[in-house]
1. Just give me the residues in segment 136-189 being assigned to a loop (DSSP other than H, G, I, E, B) and in contact with a Phe, Trp or Tyr (Cβ under 8 Å, 6 or more places away or on another chain), in sequence order.
2. Does GLY244 qualify as being surrounded by fewer than 21 Cβ atoms within 10 Å (Cβ to Cβ) and either modelled with pLDDT under 95 or β-branched (Val, Ile, Thr) (or both)?
3. Restricting to segment 81-99, and then to whatever is under 19 Å from the mean Cα position of the chain (by Cα) and among the hydroxyl-bearing types (Ser, Thr, Tyr), can you tell me which residue is surrounded by the fewest Cβ atoms within 10 Å (Cβ to Cβ)?
4. Could you go through segment 388-402 and let me know if any residue there is within 29 Å of ALA34 (Cα to Cα), at pLDDT 95 or above, of a type in the set (D, E, K, R) and within 23 Å of the chain's Cα centre (by Cα).
5. So, of the residues in segment 507-520 that are outside any loop (DSSP other than H, G, I, E, B) and in contact (Cβ under 8 Å) with a residue 40 or more places away in the chain, which turns out to be nearest to VAL308 (Cα to Cα)?
6. Is it the case, given these coordinates, that GLY483 is out of contact with any Asp or Glu (no Cβ under 6 Å at 6 or more places or on another chain), closer than 18 Å to MET412 by Cα and modelled with pLDDT of 95 or more?
7. Any residue at all in segment 101-119 that's hydroxyl-bearing (Ser, Thr, Tyr), closer than 28 Å to ASP241 by Cα and in contact with a Ser or Thr (Cβ under 8 Å, 6 or more places away or on another chain)?
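The values are calculated or read from the model by the stated rules, or taken from the named source; none is laboratory data. All of these numbers come straight from a predicted model, not from anything done at the bench. In this analysis, Cβ positions are derived from the backbone assuming ideal geometry, glycine residues included, and neighbour counts consider all displayed protein chains.
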Amino acid sequence: MDKGKYYITTAIAYTSGKPHIGNIYEIVLADSIARFKRKDGYDVFFQTGTDEHGQKIELKAEEAGITPKEYVDGVAGTIRKLWDLMDTSYDNFVRTTDERHEKQVQKIFKRLYEQGDIYKGAYEGMYCTPCESFWTESQLVDGKCPDCGREVKPAKEEAYFFKMSKYADRLIEHINAHPEFIQPVSRKNEMMNNFLLPGLQDLCVSRTSFKWGIPVDFDDKHVVYVWLDALTNYITGIGYDCGGESDGQYQKLWPADLHLIGKDIIRFHTIYWPIFLMALGEPLPKRIFGHPWLLQGDGKMSKSKGNVLYADDLVDFFGVDAVRYFVLHEMPFENDGVISWELMVERLNSDLANTLGNLVNRTISMSNKYFGGIVADKGISDTMDEDLKALATGTYDRVCAKMEELRVADAMTEIFALFKRCNKYIDETEPWVLAKDESKRDRLATVLYNLTEGIMAGASLLEPFMPSTAERIAKQLNASLYGFESLKEFGRYPSGNQVTEKPEILFTRLDIKEVLEKAEALFEARKAEAEKGQEADGAAENVIDIEAKEEIAYEEFARMQFQVGEIIACEEVPKSKKLLCSKVRVGSQVKQIVSGIKQHYTAEEMVGKKVMVLVNLKPAKLAGVVSEGMLLCAEDAEGSLALMVPEKTMPAGAEIC
């Protein structure tokens with residue numbers, strides 16, 4: 001049944017380096033939705049790709065001694081291989097260095113300029129180099145950057161700006177009239193309350209301080225800045241033409257049915273992107289879903305620590321479908337998920353090897369043992385069959401309802417509930433007992449038929465999430481996976497069919513100790529490689545000289561009180577790109593401290609840290625929030641920050657002297 005078109009996109013991956021497993025989650029999530037929709041009767045077009053411009057890439061290419069294009073070609077190739085490794089069924093892989101995309105971005109920029117939505121101006125004010133931000137005198141706090149508290153200097157940079165406020169009211173009306181537009185609801189509330197309702201600032205859409213970008217064709221000093229370039233891939237990749245000559249594919253597919261993105265870029269997709277489309281006179285996407293993050297359970301992923309989790313490493317340990325199962329099943333709808341070696345082994349052993357793998361193996365083995373592999377429905381039913389049949393025929397509706405809400409983890413739980421019910425059915429019917437009574441041979445055959453049919457129904461629903469595993473199950477049962485339209489009926493498996501003689505082990509149980517030892521060896525090798533690379537760069541690069549400040553007397557230093565603090569809560573400061581607000585326990589007191597470290601730490605990972613605190617700093621307001629102290633940090637030459645933490649465990653309140 002043709003249910004119409006369904007256009008789904010992921011955010012395009014930034015080509016600054018190899019994606020880790022947290023980045024892989026999004027493409028697997030999108031693939032499961034695309035596969036489900038295809039099987040459910042939709043004409044699906046699934047687009048992904050790479051974002052390849054910007055200053056960071058220009059600098060990385062320079063460090064590598066190659067051109068930016070050579071650099072992004074290599075990284076884009078790596079990303080595409082990872083997408084393919086994870087068995088993702090994308091229909092189009094767009095690159096922002098594609099000639100068609102670049103030409104359309106230039107045409108879009110020029111059109112928006114000519115119709116008055118983009119104007120030429122300049123950033124002018126006090127510039128904070130680490131934050132890459134301009135501030136007015138009134139925004140400064142004690143003459144310093146309101147985000148990080150560092151020194152600022154007068155600066156000016158010519159730029160083009162987009163008049164965001166021109167379309168803000170229209171966007172607010174659209175969001176209010178279409179409650180499904182931004183999901184989950186918490187993301188919608190965040191965008192409305194923190195950005196739209198307080199009033200939008202005009203957006204910088206060009207830069208002159210670097211060259212690796214799409215040139216503004218009527219002003220070649222400028223390159224198009226990131227979001228006007230990157231976001232437009234969703235339309236340029238399907239044939240949009242700014243001159244009114246869009247091809248049939250664009251007419252068919254747009255507007256997108258679903259933009260699937262990480263929660264960290266929700267503002268750009270739900271505010272900037274819709275406003276760009278309004279200015280172009282194009283329809284808005286139907287739904288934008290900001291998914292949570294997949295975090296590492298035993299600490300932040302760090303290249304220097306060598307503990308970054310990559311999809312290809314995990315596939316070597318667990319297999320493609322096991323990794324797909326884990327990232328999909330362990331991610332909550334709104335809250336961040338956690339990945340760890342221990343949890344992956346536990347899920348593989350319990351859910352995949354035991355619940356699913358053992359069920360298929362036992363069922364095929366019993367069919368071979370008792371009936372030479374022939375599975376036949378003899379029609380000898382019992383009341384205990386009805387519950388299994390009802391669950392098998394009702395699972396599709398439950399899964400479909402969850403998928404409509406994009407609750408993919410819950411959909412998978414419904415499917416595994418069917419597999420668990422099949423295992424319970426074995427315990428209830430006790431086929432080995434029935435086999436001892438020749439008069440119950442037809443009942444035994446019916447039980448094994450019901451089991452086989454239940455497994456086939458579950459495998460058919462599992463296909464979008466674990467496609468290879470579903471096919472392997474069907475092959476062993478010598479049948480084709482069912483279409484969704486037939487899953488409301490029980491008994492599609494052909495009676496008299498013969499299953500495979502030797503069942504294949506779908507998932508092999510793993511020993512957690514062995515896995516952890518191998519993972520430790522992998523991380524040690526990767527850490528050694530990183531350290532070797534740092535040594536090769538030269539020892540001089542591992543030190544920093546900073547400008548010396550005026551000497552102070554000991555009495556001045558002694559006035560400062562430093563203590564160990566424990567962060568018990570942390571949240572982002574509204575309307576600030578850089579600030580986090582922490583509740584810090586120092587002895588019996590709790591101080592509120594605002595710090596410009598949002599680019600380096602998430603609010604979630606701050607909680608529980610022991611930190612060094614300057615506790616007797618005069619209270620000040622940063623972005624309207626009172627700060628009662630200062631967290632001590634170290635900063636490298638690139639502006640990266642690291643919190644100063646005690647080397648040994650110390651109680652909150654311990655004096656630093």
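1. First, the residues of segment 136-189 that are assigned to a loop (DSSP other than H, G, I, E, B): 136, 140, 142-143, 145-152, 163-164, 178-181, 184.
Correct list: CYS145, PRO146, VAL152, LYS163, MET164, PRO184.
2. yes
3. Checking each candidate, the answer is SER89.
4. Scanning segment 388-402 turns up at least one residue that is within 29 Å of ALA34 (Cα to Cα), at pLDDT 95 or above, of a type in the set (D, E, K, R) and within 23 Å of the chain's Cα centre (by Cα).
5. Pass one, segment 507-520, residues outside any loop (DSSP other than H, G, I, E, B): 512-520.
With the extra rule that they be in contact (Cβ under 8 Å) with a residue 40 or more places away in the chain, the set shrinks to 512, 515-516, 518-519.
Numbers: ILE512: 19, VAL515: 16, LEU516: 14, LYS518: 14, ALA519: 11 Å.
If we take residues in segment 507-520 being outside any loop (DSSP other than H, G, I, E, B) and in contact (Cβ under 8 Å) with a residue 40 or more places away in the chain, then ALA519 is nearest to VAL308 (Cα to Cα).
6. On the way: out of contact with any Asp or Glu (no Cβ under 6 Å at 6 or more places or on another chain): yes; closer than 18 Å to MET412 by Cα: yes; modelled with pLDDT of 95 or more: yes.
Here the answer is yes, as GLY483 does meet what is asked.
7. Filtering segment 101-119 for residues hydroxyl-bearing (Ser, Thr, Tyr) gives 113, 119.
Checking which are closer than 28 Å to ASP241 by Cα leaves us with 113, 119.
After this cut, where a residue has to be in contact with a Ser or Thr (Cβ under 8 Å, 6 or more places away or on another chain) as well, the list is none.
No, segment 101-119 has no match at all.
Residue-by-condition table, conditions (1) among the hydroxyl-bearing types (Ser, Thr, Tyr); (2) in the same structural domain as PHE419 (by TED's automatic domain parsing); (3) assigned to a loop (DSSP other than H, G, I, E, B):
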site: ALA445; (1), (2), (3): no, yes, no
site: LEU448; (1), (2), (3): no, yes, no
site: LEU461; (1), (2), (3): no, yes, no
site: PHE465; (1), (2), (3): no, yes, yes
site: ASN478; (1), (2), (3): no, yes, yes
site: LEU481; (1), (2), (3): no, yes, yes
site: PHE490; (1), (2), (3): no, yes, yes
site: ILE505; (1), (2), (3): no, no, yes
site: LEU522; (1), (2), (3): no, no, no
